[in-house]
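Nothing in this text is a laboratory measurement; each read-out follows from the coordinates by a stated rule. All values derive from a computational prediction rather than experimental measurement. Neighbour counts run over all protein chains shown; Cβ positions are idealised from the backbone, glycine included.
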Amino acid sequence: MDILSTNRSNARHDEQLYRQWFDYADAGNDGRLTGDDTVKFFSLSQLPRADLKQVWAIADVKRQGFLGFKEFVSAMQVISLAQSGKDLSPNMLRNADLDSISAPTVVGLEELIEKRQQRTSPSSNGSFRSNGPSPQKSQTSQWFNQSDMFCSAQRSTFNERVDPVGMSF
């Protein structure tokens with residue numbers, strides 16, 4: 001049983017909260033969290049790095065190298081249990097009363113979400129806010145930036161498939 005299939009009254013609220021958190025953590029906006037995404041987000045729980053590695057291993061049961069929404073919810077439940085003093089183990093969610101698990105503490109998340117919304121919210125004239133004028137780039141610098149992005153994408157794909165957790169944590 002997981003939070004997405006329970007009938008308790010808070011399940012809908014928790015799912016909405018987790019969806020907001022997942023959308024924030026999903027830097028690539030591709031519906032999945034990479035190792036890098038989770039390191040940044042999970043660190044807000046203030047759990048030790050070794051515990052966060054275990055959280056990843058427990059949540060990524062299919063060993064895909066990324067977390068979808070359902071796995072993210074499992075990770076949040078594991079983090080919540082760890083914050084309440086429970087020992088981390090691969091079967092901890094099977095043995096837990098999922099209805100009684102509250103959302104974990106994530107320090108500073110509200111401020112980070114608010115900052116992001118301010119950066120992307122429309123101003124009064126309908127345009128999006130920015131931090132100043134964006135200078136025009138030459139064709140050469142655009143080409144180099146595209147090449148850098150391509151190399152970064154290849155390196156990122158390699159790191160995610162070979163060792164998504166080890167590279168991040």
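Tabulated data for the structure shown
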quantity	calculated
Protection proxy ranking of 52-61, 13-22, 84-93 - average other beta-carbon atoms within 10 Å, highest first	52-61, 13-22, 84-93
Highest average packing first - 102-111, 37-46, Cβ atoms within 10 Å	37-46, 102-111
Residue-span extension gain [Lys70 to Arg49] - 0.36 nm each, minus C-alpha spacing	5.3 nm
Two-site FRET efficiency, Asp23 against Gln83, from Cβ-Cβ distance with R₀ of 22 Å, rounded to 0.05	0.50
Point-to-point label distance, Thr105-Met92, nm (Cα→Cβ direction, 7 Å offset)	1.6
FRET E, pair Lys62, Ile113, Förster distance 25 Å, beta-carbon r, rounded to 0.05	0.30
Bins of 5 Å from zero: percent of alpha-carbon pairs in region 2-119	2, 11, 24, 25, 22, 11, 4, 1, 0
